[in-house]
Ligand code: MN
């Protein structure tokens, strides 16, 4: 049934920083919420530690899914051993997001994947990742300067050239977009039905999509941090929420 304000499910992460009374909490970065709201959607957070039947119930309520940024996917998920730079790995979050990805890909539920999200969808559908761009691809452009948080999060680090035949070209109405870049990992290979929709100049995969799906798009940058200034970022969220409305 069509709805004017579609529900967008966003998985939580486990915050182990101890910033809340020294205890781990379930959390999510706040910028996804206004980015969805300004596009006309109503976001809700999906907790970790659900049984699959409960997850399926929330999936059923969602008109669309947003897979947000976060730590690294467990390399065991794509048959690799841990690189020395491997960051925070949360197997329970990997499991939840991979399950949601496979359901959404198979069943035509709209999905927008951001940063870690593009890596999750690639792994969920049979692809692999670069575990650390600076050490594995030393000639790559700068995708994350210094420690996380050193650059302003909306700093436009590098352009992404979109695949001319991609849906993203129609959505963003541009062949090249300037992007922020806050990642040390990246998609290395994609498996069907996922296709590459954009690269940075060093050849790193920065966007993916499933052709023919109502809306299944992954971007390596963080458009939720750019909606205040960039029309192309707003276009991405509007196209996503529109697809959720029509679903
Ligand atoms: Mn990048």
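Every number here is computed from the coordinates shown, using simple stated rules; none is lab data. None of the values given here were measured: they were computed from a predicted structure. A quick note on method: Cβ atoms are made from the backbone with ideal geometry, for glycine too, and the neighbour counts reach across all protein chains shown.
Under the definition of Cα pairs under 8 Å and six or more residues apart, what whole-number percent is the relative contact order of segment 7-246?
Numbers: 483 pairs, mean separation 49.2, N = 240.
After rounding, I find 21 percent.
For segment 197-215 versus segment 71-134, the spacing of their alpha-carbon centroids is 15 Å.
How big is D, in µm² s⁻¹, for segment 82-156 by Stokes-Einstein at 10 °C and 1.306 mPa s if Rh is the Kirkwood radius over C-alpha pairs? Don't skip to the end; give the middle numbers.
Working: Rh = 14.4 Å.
Answer from the Stokes-Einstein relation: 110 µm²/s.
Rounded, prolate or oblate: which one fits segment 7-246, using the alpha carbon gyration tensor with axes a ≥ b ≥ c (rounded when a/c is under 1.5, else prolate when a/b beats b/c, else oblate)? Since a/c stays below 1.5, the shape of segment 7-246 is classed as rounded.
Among 15, 229, the order by Cβ neighbours within 10 angstrom, fewest to most, reads 229, 15.
Going from the residue with the fewest nearby Cβ atoms within 10 Å to the one with the most, 109, 139 rank 139, 109.
Per DSSP H run of at least 4 residues, take -39500 (n - 2.57); add these up for the chain, divide by its residues and hand me the 222 nm value, nearest 500 deg cm²/dmol. Could you put the intermediate results ahead of the total?
Values: 7 runs with 69 residues, N = 247.
It comes out at -8000 deg cm²/dmol, rounded to the nearest 500.
Summarising the strand pairing of the chain, around 60 percent of its internal DSSP beta bridges are antiparallel. Along its principal axes, segment 59-107 has C-alpha extents of 39, 19, 14 angstrom, given from the largest down. Sorted ascending by nearby beta carbons within 10 Å, beginning with the fewest, 165, 4, 85 become 4, 165, 85.
So for segment 1-146, considering every pair of alpha-carbon atoms, how many percent are separated by more than 23 Å? Please list the in-between numbers first.
On the way: 4220 of 10585 pairs.
Result: 40 percent of Cα pairs exceed 23 Å.
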